[in-house]
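Everything on this sheet refers to the single structure shown next.
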Amino acid sequence: MSLVDPPPVERVREVLAAKGDRERIIERTEPAATAADAARALGVALGAITKPLLLETGFDPALVAIAGDRRCREGRLPELFDLEGDVRRADAERGKKITGFPIGGVAPVGSLTPLPPVIDRGLGRFPRICAAAGHPRCVFETEFDELLHLTGGKPSDEISE
């Protein structure tokens with residue numbers, strides 16, 4: 001049975017088809033538990049893997065896409081999203097409720113709740129980047145400018161270090 005057919009993956013596929021016109025979801029045989037695992041499996045640099053983080057300030061969720069070789073500067077989130085309150089990472093249950101994606105499969109597009117992300121400009125160092133596609137075994141390839149277009153995201157030099 002293919003893993004590419006579950007509803008979360010289908011939501012990602014629909015966004016890609018509507019904005020990109022071509023099928024790009026890659027199904028891997030093994031899930032990638034870490035960005036390093038994904039980079040090895042896909043044959044790309046660690047920094048070319050997007051690490052999605054679902055963060056919250058108060059009750060406002062925000063999605064951040066960080067280059068795999070960088071750390072999120074969570075304290076910058078309120079300013080970047082014009083929010084107030086303490087920043088915390090959403091737990092797996094809350095993340096799935098908000099996005100509809102399991103941990104390891106959180107995609108930058110196709111979320112149940114519209115979440116235009118802040119996207120780490122560090123991803124722009126690579127001609128090809130890979131993002132989760134709704135399941136821990138599914139990814140899609142894109143380019144930095146296209147990721148901005150697909151997501152409606154806001155690029156930032158300040159969200160990572």
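Just so it is clear, none of the values below were taken in a lab; they were calculated from the coordinates. Keep in mind the model is a prediction, meaning the values are calculated, not measured. Positions of Cβ are backbone-derived with ideal geometry, glycine not excepted, and every protein chain shown enters the neighbour counts.
Straight-distance candidates among the aspartates and glutamates for linking to residue 51, with alpha-carbon spacing under 14 Å and chain neighbours fewer than 8 residues away dropped: 37, 69, 74, 120, 141, 161. Separation of segment 31-45 and segment 102-137 by C-alpha centroid, Å? Computed from Cα coordinates, the inter-centre distance equals 14 Å. Arranged from fewest to most other beta-carbon atoms within 10 Å of their beta carbon, 81, 126 become 126, 81. Projecting the Cα atoms of 46, 15, 106 onto the charge dipole of the chain, computed from C-beta unit charges around the Cα centre, puts 46 farthest toward the positive end. Helices meeting the span-like rule in the chain (full DSSP H runs, Cα extent of at least 15 Å along the helix axis, mean Kyte-Doolittle score of -0.5 or higher): 7-20.
Here's the picture: a label point sits 7 Å out from the Cα of residue 45 along the beta-carbon direction, and within segment 104-141 the residues with their amide nitrogen under 20 Å of it are 119-132, 140-141. Note: relative contact order over the chain, using C-alpha pairs below 8 Å and six or more positions apart, is 28 percent. Comparing mean-square fluctuations of 26, 49, 119 from a GNM of the chain with C-alpha springs under 10 Å, the top value falls on 26.
The sum of -39500 (n - 2.57) across all DSSP H runs of n ≥ 4, divided by the residue count of the chain, sets its helix-only mean residue ellipticity at 222 nm to -7500 deg cm²/dmol.
For segment 7-156, the Kirkwood radius over C-alpha pairs fed into Stokes-Einstein at 10 °C and 1.306 mPa s yields D = 105 µm² per second.
Given springs between every Cα pair under 10 Å in a Gaussian network model of the chain, which of 53, 77, 112 has the largest fluctuation? Highest fluctuation of the listed residues: 112. Loop-located GluC sites (Glu not before Pro) across segment 74-103 with a Cβ neighbour count of 14 or fewer within 10 Å are 84, with loop assigned by DSSP. Given +1 at the Cβ of Lys and Arg, -1 at the Cβ of Asp and Glu and no other charges, the dipole of segment 7-156 around its Cα centre is 300 debye to the nearest 20.
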